[in-house]
1. Quick check: the angle from helix 69-78's long axis to the longest principal axis of the chain, C-alpha only, nearest 10 degrees?
2. When the convex hull of the C-alpha atoms of the chain is computed, what volume per residue in Å³ does it have?
3. How far apart, in nm, are two points set 7 Å out from the Cα along the Cα-to-Cβ line at residue 71 and at residue 40?
4. For residue 113 and residue 27, calculate 0.36 nm times their separation in residues minus their Cα-Cα distance, and state this gained length in nm to one decimal.
Amino acid sequence: MIIWTEADRFSVMADFYEVTLGLAPATKRAGHIAFAHGDFRLTIGVHDAIAGRAEDPLRIMVNLAVSDIDTTFRRLRNLGVAVIRPPELESWGGRIATLSDPDGNTVQLLQLR
């Protein structure tokens, strides 16, 4: 998955996924950072056709599995991450919390049952 952002917002987006969410970069260079999270690969890159925040925050939804959703959610909320929905039990038995990245894209934390 690639999330494109504008050059002026790249460092904010890269820091959010690396520092705030704690994802480990697999590769890092000017205008590009790629993360590996289990079998999932997420890239943040600069694209000259992108400007500003996401107009539709549900167009991209990054789902990250976590082992302790309550602890992870509290840490992120305390860091000022925008909360859309706190952790809640889903009908399928897992729990989901929904957040927003700096460009307005939706990020969900998933704790499987």
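1. The angle comes out at about 50 degrees.
2. Values: hull volume 11.5 nm³, N = 113.
Enclosed volume per residue, from the Cα hull, is 101 Å³.
3. 1.9 nm
4. Details: separation 86, 0.36 × 86 = 30.96 nm, distance 3.18 nm.
Answer, rounded to one decimal: 27.8 nm.
Bear in mind these aren't lab numbers, they're just calculated from the coordinates by the rules spelled out. Model, not experiment: these values are computed from the prediction. We place every Cβ from the backbone using ideal geometry, glycine too, and count neighbours over all the protein chains shown.
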